[in-house]
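Below: the structure, in structure tokens.
The values are calculated or read from the model by the stated rules, or taken from the named source; none is laboratory data. Because the structure is a prediction, the values reported are computed rather than measured. Virtual Cβ from ideal backbone geometry, glycine too; neighbours counted across all protein chains shown.
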Amino acid sequence: MHVGTLCIEAFVYPTEDEEKVLKALEYLIDAKPSRTEASLGFGGKITILRVCTNDAEQIDSILKRLGGIVNLEGCVDRDGNLDFSLDKQRAFLGQLALGKGIKVKSRKSR
């Protein structure tokens with residue numbers, strides 16, 4: 001699979017500890033995420049943590065790890081983009097599992 005850019009993203013909801021979500025992301029990728037805040041409709045805020053890389057070795061390493069739990073080819077759309085989600089709680093515990101909470105996306109290299 002040829003990936004040009006791989007992005008891993010997680011939302012931090014007001015009821016969550018941002019440090020725990022950071023730890024979950026760090027289990028997947030060794031890089032400092034960007035941090036964006038967005039307003040929720042009822043006055044609360046959500047924090048979006050996102051890490052993107054175009055480093056081929058780092059992408060290959062991540063995809064090899066993820067390939068053990070998900071059929072990566074089955075998560076590729078007709079344009080060659082990868083899109084699936086991982087369980088944020090399990091990643092915090094140092095485990096990889098499909099679920100909700102951490103979005104993994106890629107764009108095909110050209």
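Remark: pairs (first residue in segment 73-102, among the aromatic types (Phe, Trp, Tyr); second residue surrounded by fewer than 12 Cβ atoms within 10 Å (Cβ to Cβ); Cβ separation under 9 Å; 6+ apart in sequence or on different chains) = Phe84/Gly74.
Select from segment 43-61 the residues that are β-branched (Val, Ile, Thr) and farther than 14 Å from Gly4 by Cβ and list them in ascending order. Correct list: Ile46, Thr47, Ile48, Val51.
If you take the residues of segment 15-69 that are hydroxyl-bearing (Ser, Thr, Tyr) and either part of a helix (DSSP H, G or I) or touching a residue at least 60 places away in the same chain (Cβ under 8 Å) (or both), which of them is farthest from Lys108 (Cα to Cα)? For segment 15-69, the residue satisfying everything is Tyr27. When Ile46, Ile59 are screened for being β-branched (Val, Ile, Thr) and surrounded by fewer than 15 Cβ atoms within 10 Å (Cβ to Cβ), only Ile46 passes. Please determine whether any residue of segment 66-79 is crowded, with 18+ Cβ neighbours inside 10 Å and modelled with pLDDT of 90 or more. No; the residues of segment 66-79 include none that is crowded, with 18+ Cβ neighbours inside 10 Å and modelled with pLDDT of 90 or more.
The residues listed here are Leu40, Leu22, Leu93; of these, the one that is more than 13 Å from Val3 (Cα to Cα), exposed (fewer than 11 other Cβ atoms within 10 Å of the Cβ) and of a type in the set (A, V, I, L, M, F, W, C) is Leu40.
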